[in-house]
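A short worksheet on the structure shown next.
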Amino acid sequence: MKLVGLVGSNADLSYNRKLLQFIAKHYTHLFDLELLEIKEVPLFDASNDQTDTPIIQSLNQKISQADGIIIATPEHIRTTTPALKATLEWLSYQVHPFTNKPVYVIGASYHDQGTSRAQLHVKQILQAPGMNAYAFPGNEFLLGEAHKKFDEQGNLTDQGTIDFLSLCLEKFCRFVRLIKDIEETPRLPEEDLEAKGQIETTIADVNMNTDDWLEQASEQVKAVKGSTYIELDRGLLTVDQLDALLKSMPFEITYADANNQFLYYNHNKETEEMLAKRRIEQVGNPLASCHPPHTHKNVKWVIQQLRSGQRDMVRVHIPTHGPQKFVVHTYAAIKDPDGKYLGINEYVQDIQPLIDWYLTETQQKLVSQQNGPQKDFQVDAVTGASQQQEHSSSNQKNNSDLGQADAISGATRKF
């Protein structure tokens, strides 16, 4: 078994490096561990892409080829180090070597509390969109007062600590083998975002990228409208009633079919007022035309998660709408009664009014786990800074996924 150990510190003297060196030396019967340093990794800056530099490419290659990763993180002011955070951001920006990789987070600290907070933060990062790693749960190895735990040869001196470390590493090896079995299931073909193929509902002979696709396609299939009745699974509505019902929904809905063609959005606001702006001339476009090329990898990832059944739903918080909104994009798989994948229902909603209503009704408050009650405590559970989102007035960044900020149908926005 081939593992890599990521030293989470750029310091010359690092007890986390010592810990990984001890593991590499004493557990060769379980795996081969290669240590990776991050001293030369620059701070993350999306405006100055460093993905192609030797250090990032070397880390990308070695992690991609490994069966699993052990990250040893220090704890600085209750979180991980800037050096490790920057490394993880670079490795979830244009390259994604952690995708579907099993990762064990451990840590050594100079003080007695270990690195529990830093480990929790790193695990949250690993499971964020754009990283998509399998963080090894439980089995926390927290080496406190590390300066007292090694002898001059770099060996751990406490037998109880060694026994517990051995047990944890043995379990992690089983976890690595389990993830390998899961991920070796047959993979789907790569997603065709150009929608060059056809499915039974594809309307042929109409250019998907034409501005009047809706009019041309409706004419070709003689689409019903107005007061014509449609029999649904649990009801009977006219086209106008169904259209009004969808427009009344308290969120923005988008439908992209199994052929990756953008077919519908509920027009309940004008484009400039929408959270995820759409335009009528985009209806009918292949998804490739709805997104800048550098986001296509993330778009494909979301679709594959839903098409394969690995997930029924992917959620992404988009924090760029300001502190008064909490905008969530939800991508849900649409399937027929037999489980056949029919496409994606993306719905976008500012849930802050719902949160405020709930808190008012229940007389409860949001509480920061670290700092106690805060009046305007904001939670960003799924996004980070590994994907850049460009707006007309400024550049801001969020993690994409799924980096998947509005990955399916934010058709008028750039990332």
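What to note about this one:
- The stretch 269-289 - residue that is in contact with an Asp or Glu (Cβ under 7 Å, 6 or more places away or on another chain) and open to solvent by 20 Å² or more (accessible area, probe 1.4 Å) and, of those, farthest from Val224 (Cα to Cα): Leu275
- Test: residue in the stretch 3-22 that is among the hydroxyl-bearing types (Ser, Thr, Tyr) and not in a loop (DSSP other than H, G, I, E, B): yes
Residue by residue, here is whether (1) surrounded by 12 or more Cβ atoms within 10 Å (Cβ to Cβ); (2) not basic (Lys, Arg) holds:
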| site | (1), (2) |
| --- | --- |
| Glu191 | yes, yes |
| Lys196 | no, no |
| Ile203 | yes, yes |
| Met208 | yes, yes |
| Ala217 | yes, yes |
| Thr228 | no, yes |
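- Residue check, Asn298 part of a loop (DSSP other than H, G, I, E, B) and over 26 Å from Asp240 (Cα atoms): no
- Residue check, Leu59 under 21 Å from Asn155 (Cβ atoms), in the same structural domain as Phe136 (by the TED database) and out of contact with any Pro (no Cβ under 7 Å at 6 or more places or on another chain): no
- Considering residues of the stretch 59-69 that are in contact with a Leu (Cβ under 8 Å, 6 or more places away or on another chain) and open to solvent by 30 Å² or more (accessible area, probe 1.4 Å) only, the residue farthest from Ile179 (Cα to Cα): Lys62
- Criterion: farther than 19 Å from Glu346 by Cα and not in a strand (DSSP E or B) - qualifying residue of Ala276, Ala217: Ala217
- Cβ-Cβ distances below 8 Å connect the following pairs, each with a first residue in the stretch 142-158 that is among the charged types (D, E, K, R), a second residue that is assigned to a loop (DSSP other than H, G, I, E, B) and open to solvent by 60 Å² or more (accessible area, probe 1.4 Å), and a separation of six or more residues or different chains: Glu145/Tyr110; Glu145/His111; Glu145/Asp112; Lys149/Thr157; Lys149/Asp158; Asp151/Thr157.
- For the residues Glu272, Glu231, Glu200, Glu191, the requirement of being out of contact with any Lys or Arg (no Cβ under 7 Å at 6 or more places or on another chain), within 25 Å of Thr295 (Cα to Cα) and of a type outside the set (Ser, Thr, Tyr) singles out Glu272.
- Tally of residues being open to solvent by less than 20 Å² (accessible area, probe 1.4 Å), more than 11 Å from Ile56 (Cα to Cα) and assigned to a loop (DSSP other than H, G, I, E, B) across the stretch 70-91: 4
- Among the residues making up the stretch 3-17, none is among the basic types (Lys, Arg) and open to solvent by 60 Å² or more (accessible area, probe 1.4 Å).
- Among the residues making up the stretch 335-348, those that are open to solvent by 50 Å² or more (accessible area, probe 1.4 Å) and under 17 Å from Tyr265 (Cα atoms) are Leu342, Tyr347.
- Looking only at residues of the stretch 301-327 that are at pLDDT 90 or above, surrounded by fewer than 19 Cβ atoms within 10 Å (Cβ to Cβ) and under 19 Å from Met131 (Cβ atoms), we find that the one that is nearest to the chain's Cα centre (by Cα) is Arg315.
- Residue check, Glu40 over 19 Å from Met131 (Cβ atoms) and part of a loop (DSSP other than H, G, I, E, B): yes
- Within the stretch 230-264, if we keep just the residues that are under 29 Å from Pro319 (Cβ atoms) and under 24 Å from the mean Cα position of the chain (by Cα), the residue that is most open to solvent (accessible area, probe 1.4 Å) turns out to be Tyr255.
- The single condition among (1) closer than 22 Å to Phe150 by Cα; (2) loosely packed, with under 14 Cβ neighbours inside 10 Å that Thr51 does not satisfy is (1).
The values are calculated or read from the model by the stated rules, or taken from the named source; none is laboratory data. None of the values given here were measured: they were computed from a predicted structure. Cβ coordinates were reconstructed from backbone atoms using ideal geometry, including for glycine residues, and neighbour counts include every protein chain displayed. The area values use the complete protein model at the heavy-atom level, side chains included, leaving out ligands, DNA and RNA. Shrake-Rupley method; radii C 1.70, N 1.55, O 1.52, S 1.80 Å.
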